[in-house]
Amino acid sequence: MSIILDKVNYVYSQNTAYEIQALKNINLKIEDGEFIGVIGHTGSGKSTLIQHLNGLMRATSGGIYYNGQDIYEEDYDRKKLRGKVGLVFQYPEHQLFETTIFADVSFGPKNQGFSKKEAELKAFTALRSVGLAEDYWYRSPFELSGGQKRRVAIAGVLAMEPEVLILDEPTAGLDPKGRDEILDQVAKLHEERRMTIVLVSHSMEDVAKYVKRLIVMNQGSVMLDGTPGEVFAHYQELEAVGLAAPQVAYLMHDLRKHGILAQGTATTLEEAKEAILQAFKK
Amino acid sequence: MLRDITIGQYYPADSVIHRLDPRTKLMAAMLYILSLFIFRGWAGFAAVTLALVLVIALSKVPFAYMVRGLKPIAVILVITILFNLFLTPGVPLVEFWKLSISWQGLKNAGFMTVRLIYLILGSSVLTLTTTPNQLTDGMEQSLKPLNRLHIPVHEISMMMSIALRFIPILIEETDKIMKAQLARGADFESGNLIKKAKSMVPLLVPLFISAFRRANDLAMAMEARCYHGGEGRTKMKPLRYKKADGAAYLLSAAYLAGVIALRIIL
Ligand SMILES: Nc1ncnc2c1ncn2[C@@H]1O[C@H](COP(=O)(O)OP(=O)(O)OP(=O)(O)O)[C@@H](O)[C@H]1O
Ligand SMILES: [Mg+2]
């Protein structure tokens with residue numbers, strides 16, 4: 001089980017004066033059960049990339065394979081693919097439309113052909129797993145705060161029970177508490193259901209804390225791909241393209257430079273604490 | 001699919017036509033449309049074609065891009081052709097069933113089609129080479145005399161420029177909402193008419209909400225910057241005629257005179 005991107009290119013408004021190549025020769029393999037972070041400066045092609053993964057956008061050239069099957073094949077069921085590769089967009093306002101939150105979340109499973117009862121059961125489970133209090137469920141989705149809307153939007157995709165969950169900047173515009181809550185829920189989904197997660201984010205700190213593999217996009221190409229530790233070791237290159245490693249990575253680098261630490265590629269505060277305490281114990 | 005809509009779209013390029021004053025272009029477009037209804041016969045046809053080809057070539061807008069704007073009127077074109085073809089009286093050329101086509105009908109259909117196509121192409125030269133802002137500026141300036149009749153010229157042109165500006169924004173928004181709903185398994189294509197109409201609800205509700213929010217935000221932003229209508233308002237870039245504009249006026253007038261002369265003489 002995997003998603004493979006083979007030499008994917010994408011050009012917006014091809015053959016006009018506004019032509020923009022948003023993806024340049026992308027080769028990627030996303031394995032089952034991975035927790036991947038995608039970072040990159042604004043306009044680097046992150047949103048474009050993830051919309052290819054569930055077949056919403058069609059690559060200008062190149063191929064995409066889901067579980068070994070070419071998704072661009074004539075008789076491939078792309079509607080079904082969208083149920084398996086769930087995509088939550090950057091703005092929840094773009095998908096909320098029903099009179100109640102509960103009805104809105106049942107929209108996905110209903111489209112998949114489940115009966116009303118089954119769809120509601122799935123909506124129930126999904127709303128539970130994003131941690132939205134039950135007294136909200138029968139209110140209008142337009143009365144919610146930004147963070148709550150985000151949760152409902154995530155639940156709307158989770159209700160389809162996808163195998164892969166892709167989130168486009170799920171924490172933009174949230175306070176630190178709301179941000180941690182949403183990311184913790186996502187991490188829980190990953191651990192409990194072995195769901196493959198792709199998380200697009202601007203925040204290095206967030207990404208370092210949760211993901212196991214990090215893909216850095218720059219001007220439409222994959223610039224770096226590896227564990228957060230490996231990627232942050234290239235902090236100079238990251239800075240050159242307007243990104244920065246988490247503060248901790250700088251601290252660890254300085255400690256290594258002054259010979260206080262022998263090694264260590266800690267990327268989160270916790271790991272750094274461990275490593276430093278270890279060093280002083282000796 | 002939605003991106004095929006080219007109404008009110010601007011095509012950036014650096015050409016003589018792009019640099020003309022919007023008022024000049026408005027007037028020239030109007031004269032051209034007038035000439036389309038005046039011309040008669042092959043010589044007149046040659047004249048209007050030549051003028052259009054010349055202006056398109058000068059504008060540096062790719063011809064293929066222009067032709068895309070014709071797609072939405074294809075239906076109107078077909079209806080016009082059919083009506084002219086079958087309903088013009090005259091000596092029948094071919095006859096089948098209860099219908100007949102006469103030489104006169106054939107000619108009428110041909111010229112009507114040319115008129116319509118040239119009309120659209122001619123006016124799209126104007127919109128493609130003029131930014132919406134310039135266009136409304138030009139319109140406001142040209143219509144200023146109507147102010148005396150208590151017609152709110154400034155407000156009307158402001159409304160027009162906002163509407164034009166919002167077309168691409170709303171198209172983009174529709175595209176995004178469509179994708180968000182497709183990702184949840186929505187289906188906008190299959191099914192009968194009723195099912196299709198119903199499937200529009202998940203698209204239209206977020207679109208309307210977002211349009212109202214945008215309108216609200218815009219009104220607030222305008223008020224926050226003390227917008228109070230056209231009275232006493234000056235422009236950052238006032239329109240000024242240049243030498244090329246004089247030449248363009250002269251050429252357009254000469255062209256129209258030529259087309260009229262051709263009609264009278266021949
Ligand atoms: N609908 C569109 N039409 C034309 N060009 C587009 C469109 N959407 C994106 N682009 C262009 O494609 C490039 C990549 O955009 P994309 O949205 O994938 O960036 P991103 O990495 O998601 O940025 P952000 O962090 O701001 O969300 C940008 O240069 C952008 O201007
Ligand atoms: Mg984006």
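The values are calculated or read from the model by the stated rules, or taken from the named source; none is laboratory data. As the structure is a computational prediction, the values presented were derived from the model and not from experiment. Heads up, the Cβs are rebuilt from the backbone with ideal geometry, glycines too, and the neighbour counts pull from every protein chain shown. Side chains are part of the model used for accessible areas, which takes the heavy atoms of the whole protein and leaves out ligands, DNA and RNA. Shrake-Rupley method; radii C 1.70, N 1.55, O 1.52, S 1.80 Å.
A few remarks follow.
- Evaluating B:Gly44 against the criteria (1) closer than 26 Å to B:Lys237 by Cα; (2) of a type outside the set (S, T, N, Q); (3) surrounded by 15 or more Cβ atoms within 10 Å (Cβ to Cβ) leaves one unmet condition, (1).
- Per-region count, segment B:92-107, residues open to solvent by 60 Å² or more (accessible area, probe 1.4 Å), touching a residue at least 12 places away in the same chain (Cβ under 8 Å) and within 21 Å of B:Arg40 (Cα to Cα): 3
- Restricting A:Gly45, A:Gly63, A:Gly40, A:Gly86 to residues that are touching a residue at least 12 places away in the same chain (Cβ under 8 Å), more than 16 Å from ligand 2 (Cβ to nearest atom) and assigned by TED's automatic domain parsing to the domain that holds A:Asp225 narrows the list to A:Gly86.
- Search result, residues across segment A:27-50 that are within 12 Å of ligand 1 (Cβ to nearest atom) and in a strand (DSSP E or B): A:Val38, A:Ile39, A:Gly40
- Boolean, B:Thr113 is crowded, with 18+ Cβ neighbours inside 10 Å, among the β-branched types (Val, Ile, Thr) and outside the structural domain of B:Met159 (by TED's automatic domain parsing): no
- Here A:Ala59 qualifies as more than 9 Å from every other protein chain (Cβ to nearest Cβ), open to solvent by less than 60 Å² (accessible area, probe 1.4 Å) and within 16 Å of ligand 1 (Cβ to nearest atom).
- Count of segment A:6-20 residues which are assigned to a strand (DSSP E or B) and away from ligand 2 (no atom under 16 Å from the Cβ): 5
- Restricting attention to segment A:8-32, the residues that are open to solvent by less than 90 Å² (accessible area, probe 1.4 Å) and closer than 21 Å to B:Pro12 by Cα total 7.
- Counting only strands (runs of 3 or more DSSP E) that fall entirely inside segment A:153-231 and contain at least 1 residues that are assigned by TED's automatic domain parsing to the domain that holds A:Ala123, open to solvent by 10 Å² or more (accessible area, probe 1.4 Å) and within 16 Å of ligand 1 (Cβ to nearest atom), the qualifying elements are A:213-218, A:221-226.
- Single residue of segment A:87-100 satisfying the filter (at the interface with chain B (Cβ under 7 Å from one of its Cβ atoms) and under 15 Å from the mean Cα position of the chain (by Cα)) that is surrounded by the most Cβ atoms within 10 Å (Cβ to Cβ): A:Phe89
- Residue within segment B:57-66 that is crowded, with 17+ Cβ neighbours inside 10 Å and more than 30 Å from B:Thr131 (Cα to Cα) present: no
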